[in-house]
Structures are given as structure tokens and as C-alpha cells.
């Protein structure tokens, strides 16, 4: 597992609980330490919700390792999932490095919410073994994984990836590599429209969230959700969709303002809402 941020540590949790020996890599030792704390918190919550017993949680912890050196993590892997920040240049560099360090049989999966899997695969010498795995936040609770087939992704790679997701306890859909896949394309539109309504003074953030939860049966309002996902992540996705699909995805100016102001969501303690400090 490459990257120990919110998504990376959530995927590592799912992998360890699913029975996989899991190596969580990050260049930052502090980030790895925070990730382990968060994973143990999620395991405790899983026990409280009746999803795990104490023995299962202890076994998951025993299967989980951390590694700051990419070569050490990648060299032992049979399946790699990348969850670095949603920046295409960074993902291309990461996949080029993974391609050099991993055995030829290894599947390289990227947890992107909208970037081109085909472009990422082209950074490697194994495009048939590159695939998208779009997990959803919070990973321990969300059931869906979008499996994204790039131009050259093989049927065998799709099959292996589907089985990995199944062992993690996830349901899957297979999507052709296209801007935004299914969920990001729809969700970005909803979230952007919510910012436009807030900007126009149509309603407060609280009332917009309440309306979508109670009126459309969404589990979270669009502003609650973007604060969890990260406003910078949402903006990056919208900018990519705007370039790929046109004007209907132009980011709302208020969203851009929030990001420029450093209001990035729960991870920094302040987004659309205030949380009193980094979470």
C-alpha cells in the first residue's frame, strides 16, 4: 500500500482485515505513526459495531507492517495499490518507480477518483497489469470499489483485482477508463452545484446538507462530504473534468477561494465547516 493518508490507511485496514499481509509505505515516519493510530481506532470501532471480534482485530494488526523505503515495500509485494495525492505528475513518477522495483507478475493499481488510468499505465512497461481501484471514504465503511479498465488492461488483471476487492469485503463495478468514471463524474457535479448555491446565497451550508440528506436520502450532505474528501482533492478532480468534459464542470469560484485560503477540510481542521484543529 503506497501512501498512508486518509485513503491509504483505510485501504490498508481493509487489506489487513481481509487476510492479506499488508505493507504500508510512506516516506514520512510521522505519517505512518498517525496511520497506525487511525487504523487501530477503526479496528476498535469495527469491534464496537459488531463487524469484527477482538481476535480478528488482533490478527489484522499482526498482518500489518510499515515501511519508509519504497524498494523494501514494493520488492515483497504481489499486488500494489497506490494512494498518493491526486496529482498526475506524482502518480506517473510513482508508477515508473514501482515498475522498476516490482516483479513482472505484480498488478499495479491506482486509487484515483478521476485521472486517466491509461496515461498512468503508459508510465510503465506493463500496461496490461495496471488497473484503477477507486475506493470510497471512509474505506472501512464504504462497500463500493470502481475497478477501472485502461486501454490495455488484461482480463486476467481485472479478475485478480476483483478477487482482491472481494476479499477486502467490497462490492465492485467495472468501468471503462473515462474522465470521472461513474461516481466522481456525478458527485463532482453535485458538490460543485452546492458551492454555486452557497455562493449565490440560496441557502446556508447546513440547510443544503440537510436538504440532500432528508430530501434525496444521501447519507452525507455535499459539504460534509467534501470536508471529509478534502477541498483540494475535489478541486483537482473538477479541474481535470473541466479540461476533459467542458464548461459544465468549471469549478465554483467559492470552492477555489476556500482552497486558496487553506480551508481544505477535516484534515486541517477547517473546510466549509470548522472542526477546531486537524483530525
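May I ask you to list the residues in region 219-230 that are outside any helix (DSSP H, G or I), more than 17 Å from the chain's Cα centre (by Cα) and crowded, with 16+ Cβ neighbours inside 10 Å? The answer is 221, and nothing else.
Checking each residue in region 75-90 for being closer than 24 Å to residue 159 by Cβ and touching a helix residue (DSSP H, G or I) at 6+ places or on another chain (Cβ under 7 Å) picks out 79, 80, 81, 82, 83.
As a summary of the residue check, residue 160 satisfies the conditions (1) surrounded by 21 or more Cβ atoms within 10 Å (Cβ to Cβ); (2) within 19 Å of residue 14 (Cβ to Cβ); (3) modelled with pLDDT of 95 or more except for the one numbered (1). When residues in region 1-27 are screened for being more than 17 Å from the chain's Cα centre (by Cα) and at pLDDT below 95, 1 of them pass.
Residues that are assigned to a helix (DSSP H, G or I) and out of contact with any helix residue (DSSP H, G or I) (no Cβ under 9 Å at 6 or more places or on another chain) were ranked within region 201-218; the one that is surrounded by the fewest Cβ atoms within 10 Å (Cβ to Cβ) is 215.
Restricting to region 157-186, count the residues that are in a helix (DSSP H, G or I) and without any contact (Cβ under 8 Å) to a residue 24 or more places away in the chain.
From region 157-186, those in a helix (DSSP H, G or I) are 157-167, 183-186; that's our starting set.
Filter again for without any contact (Cβ under 8 Å) to a residue 24 or more places away in the chain, leaving 159, 162-163, 166, 186.
Of the residues in region 157-186, 5 are in a helix (DSSP H, G or I) and without any contact (Cβ under 8 Å) to a residue 24 or more places away in the chain.
Filtering region 92-117 to residues that are surrounded by 18 or more Cβ atoms within 10 Å (Cβ to Cβ) and part of a helix (DSSP H, G or I) leaves 94, 95, 98, 99, 117. Taking residues in region 15-44 that are under 18 Å from residue 55 (Cα atoms) and assigned by TED's automatic domain parsing to the domain that holds residue 73, and partners anywhere that are modelled with pLDDT of 95 or more and surrounded by fewer than 19 Cβ atoms within 10 Å (Cβ to Cβ), the pairs with Cβ atoms closer than 6 Å and at least 6 places apart or on different chains are 16/63; 18/167; 21/63; 22/63.
Would it be correct to say that residue 147 is touching a helix residue (DSSP H, G or I) at 6+ places or on another chain (Cβ under 8 Å) and part of a strand (DSSP E or B)? Yes.
Does residue 238 count as outside the structural domain of residue 141 (by TED's automatic domain parsing) and within 24 Å of residue 89 (Cβ to Cβ)? Spelling it out, residue 238 is indeed outside the structural domain of residue 141 (by TED's automatic domain parsing) and within 24 Å of residue 89 (Cβ to Cβ).
The condition of being surrounded by 15 or more Cβ atoms within 10 Å (Cβ to Cβ), at pLDDT below 95 and farther than 18 Å from residue 161 by Cβ holds for only one of 77, 123, 73, that being 73.
For region 255-274, a residue qualifies if it is surrounded by 22 or more Cβ atoms within 10 Å (Cβ to Cβ) and on the phi > 0 side of the Ramachandran plot, and exactly one does: 265.
Just to verify a result, which residue in region 22-68, among those that are touching a strand residue (DSSP E or B) at 6+ places or on another chain (Cβ under 8 Å) and assigned to a loop (DSSP other than H, G, I, E, B), is surrounded by the most Cβ atoms within 10 Å (Cβ to Cβ)? Looking at residues that are touching a strand residue (DSSP E or B) at 6+ places or on another chain (Cβ under 8 Å) and assigned to a loop (DSSP other than H, G, I, E, B), I get 26.
The values are calculated or read from the model by the stated rules, or taken from the named source; none is laboratory data. If you're wondering where the values come from, they're calculated on a predicted model, not measured in any experiment. Note that each Cβ is placed from the backbone with ideal geometry, even for glycine, and that neighbours are counted across all protein chains shown.
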